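Structure first, then comments.
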């Protein structure tokens with residue numbers, strides 16, 4: 001066993017349902033003992049109709065990645081003046097900073113959005129930065145393809161393939177959308193001082209890292225971290241599947257900072273939380289312009 005590589009137990013997602021239009025597997029960072037930092041929350045969701053009203057965020061990036069098998073776009077509206085579709089296979093990175101409001105929803109008949117909503121923590125030095133958004137269309141996302149393996153490098157890098165738009169994100173972050181066919185394997189290098197969350201979207205997945213092995217089935221996840229004081233610069237994560245698997249890797253530099261959370265607000269102290277709630281109540285996060293027909 002590698003003492004510098006830490007691996008969490010397997011965590012099953014919590015089932016969430018809102019009416020008949022939204023269901024999700026929900027994960028919170030508390031379940032992983034600090035091993036998925038800077039990821040604060042992950043929802044793997046299906047949505048068929050507008051569900052959530054316009055709502056605020058502060059102190060984090062609210063990240064939406066729509067899987068390619070979605071039947072239609074997730075339409076974004078925010079207080080920065082952005083409005084438009086997040087198409088199947090696209091990434092929308094909403095760096096909320098000191099605070100902004102938005103909503104995202106399917107529109108039209110017989111729409112089925114299949115996607116991830118990820119809360120990625122911002123470091124203390126950037127929690128009061130001005131909000132902004134990075135939008136990446138499907139054709140801008142590079143891929144790794146080898147026999148039995150297809151990996152979309154949605155952000156960050158893996159195996160020498162890099163997503164250029166990562167330079168526009170607040171902090172380095174790797175998001176891989178990976179597909180293994182039967183009896184295939186893939187390897188990704190976790191950087192020193194980084195953590196990763198590995199989530200099985202479908203199928204069964206075998207993982208080996210640091211001399212430890214884990215088995216994931218659909219709806220389960222683990223956290224992995226390579227300590228900053230490790231002698232080696234990377235730790236190899238080996239993925240394999242005998243029956244085929246669709247999984248994602250979410251990885252970034254470990255912040256190791258205090259977390260104070262209140263719904264969509266993630267700050268470092270209770271005083272900062274109260275400050276941002278007051279700012280939102282005072283209208284400092286701006287407003288979203290939506291046609292009446294688009295409102296949930």
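The values are calculated or read from the model by the stated rules, or taken from the named source; none is laboratory data. Only a predicted model underlies this, so the values are computations on that prediction, with no experimental measurement involved. Cβ placement follows ideal geometry from the backbone for every residue including glycine, while neighbour counts extend to all protein chains displayed.
For this structure, a couple of remarks:
- Residue count for the range 186-219 under the criterion of being within 21 Å of the chain's Cα centre (by Cα) and not in a strand (DSSP E or B): the result is 4.
- Counting residues in the range 21-40 that are assigned to a strand (DSSP E or B), surrounded by fewer than 16 Cβ atoms within 10 Å (Cβ to Cβ), touching a helix residue (DSSP H, G or I) at 6+ places or on another chain (Cβ under 9 Å) and modelled with pLDDT of 95 or more gives zero.
- For residue 128: the one exception among (1) within 19 Å of the chain's Cα centre (by Cα); (2) within 25 Å of residue 36 (Cβ to Cβ); (3) surrounded by fewer than 20 Cβ atoms within 10 Å (Cβ to Cβ): (1)
- The range 103-117, residues that are in contact with a helix residue (DSSP H, G or I) (Cβ under 7 Å, 6 or more places away or on another chain) and at pLDDT 95 or above: none
- Taking the criterion of being touching a residue at least 60 places away in the same chain (Cβ under 8 Å), assigned to a strand (DSSP E or B) and either exposed (fewer than 13 other Cβ atoms within 10 Å of the Cβ) or touching a helix residue (DSSP H, G or I) at 6+ places or on another chain (Cβ under 7 Å) (or both), the residues of the range 220-274 that qualify are 223, 265, 267.
- Selection status of residue 167, within 20 Å of residue 80 (Cβ to Cβ) and at pLDDT below 95: yes
- Within the range 169-185, being outside any loop (DSSP other than H, G, I, E, B) and closer than 22 Å to residue 45 by Cβ holds for 174, 175, 176, 177, 178, 179.
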